[in-house]
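Quick notes on the structure that follows.
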């Protein structure tokens, strides 16, 4: 949901009261929630990544795959794990998991990167960080991913759009 902080006041009881202005009609939800304790999170709004940003990323993935001989899926997975956004839970904590070392993580989730190996009760485990899928990234996260893909493409001698064209794309993506 998108909105703006409008006002902040402090009552005699020293509790703070904020006023929000939001873009959606929440009257039906308000009636169900008014007067009860709530869990509240307020954070800066970011646009979801655009379809044109996603399309450009996939063009770069295709070019890199053609140059390296890797599959498109392998290149995309590698780029997301190298330049993408680490997934976080609703409390803002980094998401990760551990699996028996013999397990192929790609069969469970493609965008996971091993950061540690541990031995517990005589068994070996691999610990992984989870990265967001591209459709869950906001415009800033997608721009970072695309910047990484551009750098890889350039290092392979692959022609990418000019810096001016890329800046224009980024301007479009952040709207």
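The values are calculated or read from the model by the stated rules, or taken from the named source; none is laboratory data. Keep in mind that what you see is a predicted model, and the values were worked out from it rather than measured. In this analysis, Cβ positions are derived from the backbone assuming ideal geometry, glycine residues included, and neighbour counts consider all displayed protein chains.
For the stretch 33-47, taking the residues that are over 12 Å from residue 2 (Cα atoms) and surrounded by fewer than 10 Cβ atoms within 10 Å (Cβ to Cβ), the one that is nearest to the chain's Cα centre (by Cα) is identified as 41. Whether a residue is surrounded by 10 or more Cβ atoms within 10 Å (Cβ to Cβ) and modelled with pLDDT of 90 or more was assessed, and residue 29 does not pass this test.
Taken residue by residue, the stretch 1-18 has at least one member that is in contact (Cβ under 8 Å) with a residue 12 or more places away in the chain, assigned to a loop (DSSP other than H, G, I, E, B) and closer than 22 Å to residue 91 by Cα.
State yes or no: is residue 79 under 18 Å from residue 134 (Cα atoms), modelled with pLDDT of 95 or more, in contact with a helix residue (DSSP H, G or I) (Cβ under 8 Å, 6 or more places away or on another chain) and surrounded by 14 or more Cβ atoms within 10 Å (Cβ to Cβ)? Against the criterion (under 18 Å from residue 134 (Cα atoms), modelled with pLDDT of 95 or more, in contact with a helix residue (DSSP H, G or I) (Cβ under 8 Å, 6 or more places away or on another chain) and surrounded by 14 or more Cβ atoms within 10 Å (Cβ to Cβ)), residue 79 qualifies. Summed over the stretch 94-104, the residues that are touching a strand residue (DSSP E or B) at 6+ places or on another chain (Cβ under 6 Å) and assigned to a loop (DSSP other than H, G, I, E, B) give a count of 2.
Residues checked against (1) touching a strand residue (DSSP E or B) at 6+ places or on another chain (Cβ under 9 Å); (2) in a helix (DSSP H, G or I); (3) without any contact (Cβ under 8 Å) to a residue 40 or more places away in the chain:
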residue: 82; (1), (2), (3): yes, yes, no
residue: 92; (1), (2), (3): no, no, yes
residue: 106; (1), (2), (3): yes, yes, yes
residue: 113; (1), (2), (3): yes, no, yes
residue: 118; (1), (2), (3): yes, no, yes
residue: 124; (1), (2), (3): yes, no, yes
residue: 130; (1), (2), (3): yes, no, no
residue: 146; (1), (2), (3): no, yes, no
residue: 154; (1), (2), (3): no, yes, yes
